[in-house]
């Protein structure tokens, strides 16, 4: 089983179904895919846009594989660090996930998962890297949970704890 095939069901357990919470800065989402991401995907394959509420399971998998797994170079990371990085890319975007990965590795942060970042990945235990990534995410969640976003903090932290069980 590929890393993506192993990671996707785990990430989808956190993402749920259709949600259009007015407080959520991502707007309407279905299985964690925002309307904007769905529009980009549909346009890129020559299809007309449609409400994210109508997304299919196959489209969800295609978006996550192309725009998050591959775009974030998750296939270049060993398990379970690849899972933690993929989940960060899904939840925070590939660019922020790359910065988090580089912070966890102690390498210069440029937001690009290139040769120096991957060399650092190869020099660390994947479970240690996963733990570091998760703690960075906890700090990030705390930093953005002011005001109306506080209602999401419990769910974000539960997500990290569930991922941490994979590393144990």
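The values are calculated or read from the model by the stated rules, or taken from the named source; none is laboratory data. On a predicted model such as this, the values are computed, not experimentally measured, just so you know. Reconstructed Cβ throughout: ideal geometry from the backbone, glycine too, with neighbour counts over all protein chains shown.
List of remarks:
- Test: residue 165 is modelled with pLDDT under 95, within 27 Å of residue 36 (Cα to Cα) and exposed (fewer than 15 other Cβ atoms within 10 Å of the Cβ): no
- Residue 52 fulfils the conditions (1) closer than 30 Å to residue 22 by Cα; (2) out of contact with any strand residue (DSSP E or B) (no Cβ under 7 Å at 6 or more places or on another chain) except for a single criterion, (2).
- Considering (1) at positive phi; (2) modelled with pLDDT under 95, the lone condition that residue 91 does not fulfil carries the number (1).
- Residue match in region 69-86 (condition: in contact (Cβ under 8 Å) with a residue 40 or more places away in the chain, part of a helix (DSSP H, G or I), in contact with a strand residue (DSSP E or B) (Cβ under 8 Å, 6 or more places away or on another chain) and surrounded by fewer than 22 Cβ atoms within 10 Å (Cβ to Cβ)): no
- Selection within region 9-28: residues that are modelled with pLDDT of 90 or more and surrounded by 15 or more Cβ atoms within 10 Å (Cβ to Cβ). The member of this set that is farthest from residue 146 (Cα to Cα) is 10.
- Being farther than 27 Å from residue 136 by Cβ, at pLDDT 95 or above and surrounded by 13 or more Cβ atoms within 10 Å (Cβ to Cβ) is a property that residue 45 lacks.
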